[in-house]
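Report on one structure; see the data block that follows.
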Amino acid sequence: MRSVEEHQRAVSDLVQARLPVTVALADAEGLVLAADVIAPITLPVFDNSGMDGYAVLADDVAGASSDHPVSLPVTEDIPAGRTDIPTLTAGTAHRIMTGAPIPYGADAVVPVEATDGGVDVVAISSPIARGRHIRRAGGDVAEGATVLWAGQIVSAPVAGLAAALGLAELTVRPRQRVLVISTGSELIKPGTPLAPGQIYESNGVMLAAAVREAGAAVVAAVTVADDTAAFTEVLDRYGVHDGAVDLVITSGGVSAGAYEVVKDVFGRDGDQGVHFVKVAMQPGMPQGVGRVGDAAIITLPGNPVSAQVSFEVFVRPALRRAMDLPAQDRPRRTAVLSEKLVSPAGKRQFRRGLLDHETGTVTNYGPPASHHLRYLASANCLLDIADEVTELPVGTQVEVWDLTG
């Protein structure tokens with residue numbers, strides 16, 4: 001059998017980064033910058049007011065107080081967005097709004113709270129220091145400065161800064177384009193009445209959600225019966241051979257039975273570019289990796305817990321690495337086991353668990369069988385039990401994968 005580490009390397013080597021692309025700001029959110037960003041302008045672009053108030057010469061109101069306010073005629077009204085910048089004459093004031101350009105000659109802004117709010121004549125009741133409440137051009141960003149760096153995630157503030165600099169696009173590492181295929185003639189769409197022998201399809205929904213949560217894009221999530229022609233038609237429909245997808249994730253059809261459509265299409269002996277292996281882990285022993293054209297192929301087991309745990313162990317870190325995203329691996333923590341556990345010899349076991357962050361303890365959650373999806377849905381961690389360990393007494397220090405991080 002292949003070890004978990006060996007299969008992780010095989011999957012990681014298979015999922016390759018796409019070339020950088022330039023996209024609109026809205027499409028860049030959550031992606032990683034592929035190039036530094038140089039400021040094409042200064043920020044602020046011009047001297048502007050930091051307050052609603054009155055632009056003045058500080059010397060004109062140096063003697064102002066609440067008992068003896070200084071009255072000045074208001075000769076201009078400057079709202080935000082005014083494009084012609086007036087000149088302030090000594091002994092006058094200009095009413096000004098936050099963000100509006102500072103008039104030539106003014107050296108301070110008196111907040112409206114320190115005045116009577118006059119429109120024709122304003123009474124100012126306190127002095128003001130030169131430069132007060134004026135945002136100077138270039139005070140935030142100098143033109144030509146590097147303000148964002150390759151490797152940064154395009155967060156909300158990053159997008160905001162780019163927009164403030166007048167940039168409509170950013171160069172980023174694009175999302176991996178993933179086609180999810182669930183196989184099985186017994187599978188039907190949720191919301192449809194069940195016939196005898198049928199079950200609701202869940203892997204496609206679950207894996208597509210996991211792909212999106214990992215930061216990649218889902219091209220489609222398709223259910224295919226155990227029919228090689230139907231499976232091949234899906235590959236053709238979504239351009240798997242033509243470079244339209246980067247990764248195909250399948251679930252089911254990889255065991256040793258007679259109706260294993262994934263093996264039949266991709267070649268049971270690896271002759272079609274996909275190699276099927278057994279990995280020394282529980283759940284998730286049957287796996288497959290390979291390439292068809294430019295598309296990477298990762299085949300997962302059909303049992304839902306096996307499929308999702310396999311995604312966590314192999315696919316999620318490879319996807320995030322290919323997109324240069326941080327937190328490629330789930331956080332690893334050490335916790336104290338609250339109950340006795342047994343594990344099969346020779347297999348690395350991933351058990352569902354409930355981690356108590358406050359006490360640092362972890363409880364096994366549910367049976368180990370790969371069809372118990374209910375427990376995985378409420379688990380917040382995976383207990384990682386080494387392949388040579390067969391028994392863990394209460395109080396044992398165990399490593400857990402924090403699924404909330």
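The values are calculated or read from the model by the stated rules, or taken from the named source; none is laboratory data. Here the structure is a predicted model, which is why all the values come from computation and not from measurement. Counting neighbours? That spans all protein chains shown, and the Cβs are built from the backbone with ideal geometry, glycine included. SASA here: full protein model, heavy atoms, side chains in, ligands and nucleic acids out. Shrake-Rupley method; radii C 1.70, N 1.55, O 1.52, S 1.80 Å.
Does any residue in the stretch 289-310 that is open to solvent by 20 Å² or more (accessible area, probe 1.4 Å) come within less than 6 Å, Cβ to Cβ, of a residue that is assigned to a strand (DSSP E or B) six or more places away or on a different chain, and which pairs are these?
These pairs meet every condition: GLY302/SER251.
Return the residues of the stretch 85-107 that are of a type in the set (A, V, I, L, M) and outside any loop (DSSP other than H, G, I, E, B); say none if nothing qualifies.
Our first condition is that a residue be of a type in the set (A, V, I, L, M); within the stretch 85-107, this holds for 85, 88, 90, 93, 96-97, 100, 102, 106.
Once the filter is applied, which keeps residues that are of a type in the set (A, V, I, L, M) and outside any loop (DSSP other than H, G, I, E, B), the stretch 85-107 yields ALA93, ILE96.
Can you list residue pairs whose Cβ atoms sit under 6 Å apart, with the first residue in the stretch 364-376 being at negative phi and outside any helix (DSSP H, G or I) and the second being open to solvent by less than 50 Å² (accessible area, probe 1.4 Å) and among the hydroxyl-bearing types (Ser, Thr, Tyr)? Count only pairs 6 or more apart in sequence or on different chains.
TYR365/TYR375; SER370/SER306
Please determine whether any residue of the stretch 238-247 is farther than 25 Å from VAL309 by Cα, open to solvent by less than 30 Å² (accessible area, probe 1.4 Å) and in contact with an Asp or Glu (Cβ under 8 Å, 6 or more places away or on another chain).
yes
Which pairs have Cβ atoms under 9 Å, sit 6 or more apart or on different chains, and link a residue in the stretch 185-200 that is in the same structural domain as SER251 (by the TED database) and in contact (Cβ under 8 Å) with a residue 40 or more places away in the chain to one that is among the acidic types (Asp, Glu) and surrounded by 10 or more Cβ atoms within 10 Å (Cβ to Cβ)?
SER185/ASP226; SER185/ASP227
To keep it simple, each residue is scored yes or no on (1) out of contact with any helix residue (DSSP H, G or I) (no Cβ under 6 Å at 6 or more places or on another chain); (2) under 21 Å from ALA296 (Cβ atoms); (3) in a helix (DSSP H, G or I); (4) aliphatic (A, V, I, L, M).
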residue	(1), (2), (3), (4)
VAL211	yes, yes, yes, yes
VAL219	yes, yes, no, yes
ASP236	yes, yes, yes, no
VAL245	yes, yes, no, yes
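Just wondering, is there one or more residues in the stretch 223-230 that are in contact with an Asp or Glu (Cβ under 6 Å, 6 or more places away or on another chain) and not assigned by the TED database to the domain that holds ALA28?
Taking the stretch 223-230 and keeping what is in contact with an Asp or Glu (Cβ under 6 Å, 6 or more places away or on another chain), we get 223, 228.
With the extra rule that they be not assigned by the TED database to the domain that holds ALA28, the set shrinks to 223, 228.
The answer is yes, given that some residue of the stretch 223-230 is in contact with an Asp or Glu (Cβ under 6 Å, 6 or more places away or on another chain) and not assigned by the TED database to the domain that holds ALA28.
Just wondering, is there one or more residues in the stretch 48-57 that are surrounded by 14 or more Cβ atoms within 10 Å (Cβ to Cβ), at pLDDT 95 or above and hydroxyl-bearing (Ser, Thr, Tyr)?
Initially, the stretch 48-57 is screened for residues surrounded by 14 or more Cβ atoms within 10 Å (Cβ to Cβ), giving 48-57.
Among the residues that remain, those that are also at pLDDT 95 or above are: 48-57.
Add one more test, that the residue is hydroxyl-bearing (Ser, Thr, Tyr), and what stays is 49, 54.
Taking every residue of the stretch 48-57 in turn, at least one turns out to be surrounded by 14 or more Cβ atoms within 10 Å (Cβ to Cβ), at pLDDT 95 or above and hydroxyl-bearing (Ser, Thr, Tyr).
Please work out which residue is surrounded by the most Cβ atoms within 10 Å (Cβ to Cβ), limiting yourself to the stretch 191-230 and to residues that are polar (S, T, N, Q) and either farther than 24 Å from ARG177 by Cα or touching a Phe, Trp or Tyr at 6+ places or on another chain (Cβ under 8 Å) (or both).
To start, the set of residues in the stretch 191-230 that are polar (S, T, N, Q) comprises 192, 198, 202-203, 223, 228.
Subset that is either farther than 24 Å from ARG177 by Cα or touching a Phe, Trp or Tyr at 6+ places or on another chain (Cβ under 8 Å) (or both): 192, 198.
On the way: THR192: 10, GLN198: 14.
Per the criteria, the residue is GLN198.
For the stretch 158-188, give me the residue count where each residue is open to solvent by 10 Å² or more (accessible area, probe 1.4 Å), within 20 Å of ARG237 (Cα to Cα) and not in a strand (DSSP E or B).
So the count comes out to 1.
If I filter the stretch 108-116 for residues that are part of a loop (DSSP other than H, G, I, E, B), more than 27 Å from the chain's Cα centre (by Cα) and not small (Gly, Ala, Ser), do I get at least one hit? Quick ask: steps written out before the conclusion?
First pass over the stretch 108-116, keeping only residues part of a loop (DSSP other than H, G, I, E, B): 116.
Next, only the ones that are more than 27 Å from the chain's Cα centre (by Cα) stay: 116.
Add one more test, that the residue is not small (Gly, Ala, Ser), and what stays is 116.
Yes, that holds for at least one residue.
Only residues that are basic (Lys, Arg), closer than 22 Å to GLU6 by Cα and in contact with a Phe, Trp or Tyr (Cβ under 9 Å, 6 or more places away or on another chain): list them for the stretch 326-365, please.
Residues of the stretch 326-365 that are basic (Lys, Arg), as a first pass: 330, 332-333, 340, 347-348, 351-352.
Retained after the next criterion (residues that are closer than 22 Å to GLU6 by Cα): 330, 332, 347-348, 351.
Answer for the stretch 326-365, where residues must be basic (Lys, Arg), closer than 22 Å to GLU6 by Cα and in contact with a Phe, Trp or Tyr (Cβ under 9 Å, 6 or more places away or on another chain): ARG330, ARG332, ARG351.
Return the only residue of VAL23, VAL15 being open to solvent by less than 40 Å² (accessible area, probe 1.4 Å) and in contact with a helix residue (DSSP H, G or I) (Cβ under 6 Å, 6 or more places away or on another chain). Walk me through it before giving the result.
On the way: VAL23 fails: in contact with a helix residue (DSSP H, G or I) (Cβ under 6 Å, 6 or more places away or on another chain).
Exactly one residue qualifies, and that residue is VAL15.
Can you give me the number of residues within the stretch 373-405 that are closer than 26 Å to GLY302 by Cα, among the β-branched types (Val, Ile, Thr) and crowded, with 17+ Cβ neighbours inside 10 Å?
Total satisfying the criteria: 2.
Inside the stretch 100-151, can you point out the residues that are within 30 Å of LEU33 (Cα to Cα) and either buried (at least 18 other Cβ atoms within 10 Å of the Cβ) or among the hydrophobic types (A, V, I, L, M, F, W, C) (or both)? It would help to see each step written out before you state the result.
Of the residues in the stretch 100-151, the ones within 30 Å of LEU33 (Cα to Cα) are 135-151.
Result: ARG135, ALA137, VAL141, ALA142, ALA145, VAL147, LEU148, TRP149, ALA150.
Scan the stretch 315-323 and give yes if some residue there is touching a strand residue (DSSP E or B) at 6+ places or on another chain (Cβ under 6 Å), buried (at least 19 other Cβ atoms within 10 Å of the Cβ), modelled with pLDDT of 95 or more and not in a helix (DSSP H, G or I), otherwise no.
Within the stretch 315-323, one or more residues are touching a strand residue (DSSP E or B) at 6+ places or on another chain (Cβ under 6 Å), buried (at least 19 other Cβ atoms within 10 Å of the Cβ), modelled with pLDDT of 95 or more and not in a helix (DSSP H, G or I).
Criterion first (over 30 Å from LEU170 (Cβ atoms) and open to solvent by 60 Å² or more (accessible area, probe 1.4 Å)) does ARG82 satisfy it? Spell out the reasoning first.
On the way: over 30 Å from LEU170 (Cβ atoms): yes; open to solvent by 60 Å² or more (accessible area, probe 1.4 Å): no.
When the stated conditions are applied, ARG82 does not pass them.
Could you list, in sequence order, the residues of the stretch 248-261 that are modelled with pLDDT of 95 or more and either open to solvent by 20 Å² or more (accessible area, probe 1.4 Å) or among the polar types (S, T, N, Q) (or both)?
Within the stretch 248-261, the subset modelled with pLDDT of 95 or more is 248-251.
Of everything in the stretch 248-261, those that are modelled with pLDDT of 95 or more and either open to solvent by 20 Å² or more (accessible area, probe 1.4 Å) or among the polar types (S, T, N, Q) (or both) turn out to be THR250, SER251.
For the stretch 350-372, give me each residue that is in contact with a Ser or Thr (Cβ under 6 Å, 6 or more places away or on another chain) and either within 21 Å of GLY405 (Cβ to Cβ) or open to solvent by 40 Å² or more (accessible area, probe 1.4 Å) (or both). Explain how you work it out, then say what you get.
First, pick out the residues of the stretch 350-372 that are in contact with a Ser or Thr (Cβ under 6 Å, 6 or more places away or on another chain): 354, 361, 363, 370.
Answer for the stretch 350-372, where residues must be in contact with a Ser or Thr (Cβ under 6 Å, 6 or more places away or on another chain) and either within 21 Å of GLY405 (Cβ to Cβ) or open to solvent by 40 Å² or more (accessible area, probe 1.4 Å) (or both): LEU354, THR361, THR363.
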